Each structure stands twice: as structure tokens, then as C-alpha cells.
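The structure under discussion appears below in the form of C-alpha cells.
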């Protein structure tokens, strides 16, 4: 006996019941398996709640909007300063404490939400495959010989003055396909997607 696919299960039901179940089954169908109980869409579908971390994530990157089934629109590609401004504008518009996520926040999305490495397409559909801005600003002066593509390290610097200069000029970003992080992304010239997060009320 074969197990029908999600689509087959919906089509086999009476029309009214199929319509009622469509939204419920959409997320597991897209993922190929049910999503973790620790990661659930909000009632209106515009956010994804990380129950374990008490955080709510914007389901769509800035520039895109949830239409009830997926994220549509054109992602905003922003400099680091523009990314911070987008978070500030959304805080004012929604009255909620939206912010640019830290590296550890973004890496949790990659490590926890997908069956494979990368973002869950069920939870975060139509997400750009790219590096995303992070708000992390610290650099480790004791890192020694460092790999700029490895989170927690940056290119070696000789003194605190050059560390401060590097922090001003370069920012942190995370590759949302792999979870790799780097602290040498030029803040003024790099244009990256922005996904915002907030603490649960």
C-alpha cells in the first residue's frame, strides 16, 4: 500500500474539507516532512515563532510580503546602515521591537529549521540564497591567525585602534545556505538581504 502525497490527500477529500486543510498541510508538504514543534508559523502566517528561543522571525525578508501562501515581491538589498534603518522603520510602524539579528540568531535558522543545511523553504519560502546582514559587532583581538569565513574570528589585527576601524568599516554576515559567517563584509558597499527578528512579548 502506497502512502499518498500531501497533494493527493487534499484532492481525495471533499472540496470544503480540502480547502480547510490546505493551509494546515501546506507547510509539511513543502518541507517533505512536518516542521519541528519548536518552529511554528504565527496565526496570520507572517511570522515564524522559535518557541525554544522565545523569538519571532519575519517570515519574509524586507521588501517581500506574505500573501497567505508564500513570500512575494522583490527583496531589498541593503547596506549595513540601511539594514539598521529598515529595522528601526519596522519598529516604529508595528510598535514591536524588531531588530537586525545577531550571527548566532541567523545560524540557528540554518542549523535548526531545515532537514538539510539551509533555510526551511516551508517556513521561509522564496528566501534569497545569499549572505544576510547580522548585527554582531564584536571582534576578537586574541583570535590569532584567523579565518574571516569562520564565525568568531576575523582577519588578524595588531592593535585596538585597527580593530575599532575594522568594526566600523566591516560588518558580520551569514550565508543562509551553509551557516558560514564572516566579519569582513564591507558595510558601505555590500548590499545584502535583511531578515528581522524580535523577542516574543
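The values are calculated or read from the model by the stated rules, or taken from the named source; none is laboratory data. Since the model is a prediction, treat every value here as computed from it, not as a measurement. Please note: Cβ atoms are built from the backbone with ideal geometry, for glycine as well, and neighbour counts cover all protein chains shown.
Listed values, structure above:
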{"read-out": "Lone qualifier among 92, 69 - being touching a residue at least 40 places away in the same chain (Cβ under 8 Å) and out of contact with any strand residue (DSSP E or B) (no Cβ under 9 Å at 6 or more places or on another chain)", "value": "69"}
{"read-out": "Those residues of the range 189-201 which are assigned to a loop (DSSP other than H, G, I, E, B) and at pLDDT 95 or above, in sequence order", "value": "189, 190, 191, 193, 194, 195, 196"}
{"read-out": "Residue tally, condition assigned to a helix (DSSP H, G or I), over 9 Å from the mean Cα position of the chain (by Cα) and crowded, with 18+ Cβ neighbours inside 10 Å, over the range 109-131", "value": "1"}
{"read-out": "Single condition residue 78 does not satisfy, out of (1) over 14 Å from residue 197 (Cα atoms); (2) under 13 Å from the mean Cα position of the chain (by Cα)", "value": "(2)"}
{"read-out": "Verdict on residue 58 being modelled with pLDDT under 95 and surrounded by 15 or more Cβ atoms within 10 Å (Cβ to Cβ)", "value": "no"}
{"read-out": "The one condition in (1) over 24 Å from residue 187 (Cβ atoms); (2) surrounded by 18 or more Cβ atoms within 10 Å (Cβ to Cβ) that residue 96 fails to fulfil", "value": "(2)"}
